[in-house]
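Have a look at this one before I ask anything.
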Ligand code: SAM
Ligand code: SF4
Ligand code: SF4
């Protein structure tokens, strides 16, 4: 891809990580062997404050950002998160949040009341044993399902459900998840296991290609492909032919979409990452804390975006020496 193609990509989508901490230890994201008791998470003063995040969001809207996703780590572990939602909601952007769902039963109502209208819950299986193994937690999957129910009751519909699929770990849960989350209340997304970070022991052999996921589903339920709604839509979507609801697959590994990537990520400590697989982030926090000039910050962000040349997924496999990458729990997917 020529560099001018990359420059053509608009900046549309911002992901903000509000914490690097999590109460799960998903094997594909924060394996316990690395993120154990001795792991040093960021101290509070290193996290962007809600005021700093809101300021950044305002500046980014001036640069074309239309959508903000709050993520983590587990965003619901950040105390008073609904206060941040209340600060961001008046900006009129498409505001959404990705969560593991375990704390939703207590938080869903306050988040909705603060102005959040869209929600993604990550869930990899309905089977307790698979859930405990893959997500490395001590509680049953019912806790997440209760959270999903509470979110529906609070007014979040449809809820997006993200399922990461790992070969021989939860691939047997694909059909059950599609049946459970069919209907108009949910949009289920199957995500290929990605080689994010440096700690999840990723191997191509553990990836279940999106095409295979669709084949598996198509033998059990009639599906009709849906057209993309906009350039850069990452999910290939399908409609259940008998009944409402849709499912989608995100083929980040087997069908990369770098040339349409319009996402910028801000880590919990205020670094700007132009790619999920980047090794280096640009320090915005120092700038936010040292100047009152929003224009200066906007210029810095614009320069970072215009100079990026990221297309990791398209080059995957061509790299001879593996490069260090930022961990998913710092930038939130
Ligand atoms: N803790 C929240 C959650 O799990 O929803 C938000 C942060 S999590 C890093 C955001 C998304 O990244 C989740 O949907 C998770 O399943 C996905 N994810 C994490 N590691 C991944 C990997 N190695 N491959 C694909 N998706 C991954
Ligand atoms: Fe936590 Fe989400 Fe990563 Fe799982 S995917 S360890 S829930 S941050
Ligand atoms: Fe975007 Fe990087 Fe993913 Fe390509 S690899 S789609 S540039 S985040």
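Would you mind telling me which numbered condition in (1) under 21 Å from residue 193 (Cβ atoms); (2) touching a residue at least 12 places away in the same chain (Cβ under 8 Å); (3) within 16 Å of ligand 2 (Cβ to nearest atom) residue 127 fails?
Just one mismatch for residue 127, condition (3).
Check residue 182 against each of (1) buried (at least 19 other Cβ atoms within 10 Å of the Cβ); (2) touching a strand residue (DSSP E or B) at 6+ places or on another chain (Cβ under 7 Å) and name the one condition it does not meet.
(1)
If we scan the stretch 134-152, do we find a residue that is part of a loop (DSSP other than H, G, I, E, B) and surrounded by 22 or more Cβ atoms within 10 Å (Cβ to Cβ)?
no
Go through (1) in contact (Cβ under 8 Å) with a residue 60 or more places away in the chain; (2) more than 16 Å from ligand 2 (Cβ to nearest atom); (3) closer than 26 Å to residue 191 by Cα and name the single condition residue 288 misses.
It is condition (3) that residue 288 fails.
For (1) surrounded by fewer than 17 Cβ atoms within 10 Å (Cβ to Cβ); (2) closer than 30 Å to residue 55 by Cα, each residue gets a yes or a no:
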| site | (1), (2) |
| --- | --- |
| 214 | no, no |
| 221 | yes, no |
| 225 | yes, no |
| 243 | yes, no |
| 254 | yes, no |
| 264 | no, yes |
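Additional query: Kindly indicate the residue of the stretch 97-118 that is touching a residue at least 60 places away in the same chain (Cβ under 8 Å) and out of contact with any helix residue (DSSP H, G or I) (no Cβ under 6 Å at 6 or more places or on another chain) and also farthest from ligand 3 (Cβ to nearest atom) among those meeting that condition.
Taking the candidates together, the pick is 100.
Right, another one. Return the residue satisfying two criteria in turn: it lies in the stretch 251-262 and is in contact with a strand residue (DSSP E or B) (Cβ under 8 Å, 6 or more places away or on another chain) and closer than 25 Å to residue 304 by Cβ, and of such residues it is farthest from ligand 1 (Cβ to nearest atom).
262
Could you say which residue among 115, 101 is in a loop (DSSP other than H, G, I, E, B), within 14 Å of ligand 2 (Cβ to nearest atom) and either closer than 29 Å to residue 218 by Cβ or modelled with pLDDT of 95 or more (or both)?
Matching residue, one of 115, 101: 101.
Given the criteria within 16 Å of ligand 2 (Cβ to nearest atom), at pLDDT below 95 and within 29 Å of residue 136 (Cα to Cα), does residue 37 qualify?
yes
Only helices (runs of 4 or more DSSP H) wholly contained in the stretch 257-333 count here; list those with 3 or more residues that are within 16 Å of ligand 3 (Cβ to nearest atom).
It comes to 294-306, 312-315, 328-331.
Let me ask something else about it. Taking into account only those residues within the stretch 297-333 that are surrounded by fewer than 17 Cβ atoms within 10 Å (Cβ to Cβ), in contact with a helix residue (DSSP H, G or I) (Cβ under 7 Å, 6 or more places away or on another chain) and more than 30 Å from residue 100 (Cβ to Cβ), which is modelled with the highest pLDDT?
Among them, the one singled out is 298.
Another question, then. Restricting to the stretch 34-52, what's the tally of residues that are surrounded by 10 or more Cβ atoms within 10 Å (Cβ to Cβ) and assigned to a loop (DSSP other than H, G, I, E, B)?
Qualifying residue count, the stretch 34-52: 9.
Next question, about the same structure. When the residues of the stretch 69-96 are narrowed to those that are more than 12 Å from ligand 2 (Cβ to nearest atom) and part of a strand (DSSP E or B), which ends up surrounded by the fewest Cβ atoms within 10 Å (Cβ to Cβ)?
Within the stretch 69-96, the match that is surrounded by the fewest Cβ atoms within 10 Å (Cβ to Cβ) is 94.
The values are calculated or read from the model by the stated rules, or taken from the named source; none is laboratory data. It should be emphasised that the depicted structure is a prediction, and the values quoted were computed from it without experimental measurement. Please note: Cβ atoms are built from the backbone with ideal geometry, for glycine as well, and neighbour counts cover all protein chains shown.
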